[in-house]
1. Over the alpha carbons of segment 112-177, what is the largest minus smallest coordinate on each principal axis, giving the biggest first in Å?
2. Output the Kirkwood hydrodynamic radius of segment 1-102, Cα pairs only, in Å rounded to one decimal.
3. Going toward the positive end of the dipole of the chain, with +1 on Lys and Arg Cβ and -1 on Asp and Glu Cβ, which of F169, I24, V132 do you reach last?
4. Hey, in the GNM for the chain with a 10 angstrom Cα cutoff, which one of T90, T102, T160 fluctuates hardest?
5. Put +1 on the Cβ of each Lys and Arg and -1 on the Cβ of each Asp and Glu in segment 1-115; which of C98, G13, T58 then has its Cα farthest toward the positive end of the dipole?
6. Suppose a student asked you for the relative contact order of the chain, using Cα pairs under 8 Å spaced at least 6 residues apart; what percent would you report?
7. Please get the size of the charge dipole for the chain, origin at its Cα centre, with Cβ charges of +1 on Lys and Arg and -1 on Asp and Glu, quoted in debye to the nearest 20.
8. Restrict the search to segment 35-97; then list the GluC sites (Glu not before Pro) that DSSP places in a loop and that have at most 16 other Cβ atoms within 10 Å of their Cβ.
Amino acid sequence: MPSQKIKIFAIIGSTRKNSSNYKILKYISEKINSQFEIEIFEEIDQLPHFNPDLDQETPPKKVTEFRNKIAQADGILICTPEYVFSLPGTLKNALEWCVSTTVFSGKRTGLITASASGEMAHEQLLLIMKTVEAKFENSEQILIQGIRGKVNDKGKIVNTSTEATLASFIHNFENQFLSEL
């Protein structure tokens, strides 16, 4: 049993307030083992546009803070929708700020794409996270299609299959950490 909580930094791919993706991360933060502490990053829209010139010099303060949150976390959760058959621009932008670093290298990561369809965004997310050397197993990544009909306005999962999928995801994510202690 760890003496301190396992810190998870959760990134929402959506900029919508109270989005389905936010609701899923809130749900996970309420259901996960008490040994875990989840911080949900809700400021993705405040990161400046990626600029390689700035990245080589002194990155903007918001970018440095974002990278530090990733570096200091024991693990990462990303939950994103799909926009126009792709990742939302804000999430891609945030990840681009991390490509020149090693903040994701070997970092245990859970990946969720929750959207109407989501197949293309999920495929892109997996590819990007492999590129930045994030550490995840098949059991730590899920695609939830038709999300709006599966989570109500209050954040309750109203689809039993989705609830079971999320329970399995949480269990697998927890076990990966606890087995490495």
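1. Principal axes ranked by extent give 35, 28, 17 Å for the Cα atoms.
2. Details: mean 1/r = 0.0688 Å⁻¹.
Computed over segment 1-102, the radius equals 14.5 Å.
3. Checked the options; the winner is I24.
4. T160
5. Positive-end residue among those listed: G13.
6. On the way: 295 pairs, mean separation 42.8, N = 181.
Relative contact order for the chain comes out at 24 percent.
7. Details: 20 positive and 22 negative charges, 102 e Å.
Computed about the Cα centre, the dipole is about 480 debye.
8. Numbers: sites: E37, E39, E42, E43, E57, E65, E82, E96; in loops: E42, E43, E57, E82.
Answer in residue order: E42, E43, E57.
The values are calculated or read from the model by the stated rules, or taken from the named source; none is laboratory data. This is a predicted model, so every value here is computed, not measured. Every residue, glycine as well, gets a Cβ built from its backbone with ideal geometry; the counts of neighbours run over all protein chains shown. Surface accessibility is based on the protein's heavy atoms, side chains included, excluding ligands, DNA and RNA. Shrake-Rupley method; radii C 1.70, N 1.55, O 1.52, S 1.80 Å.
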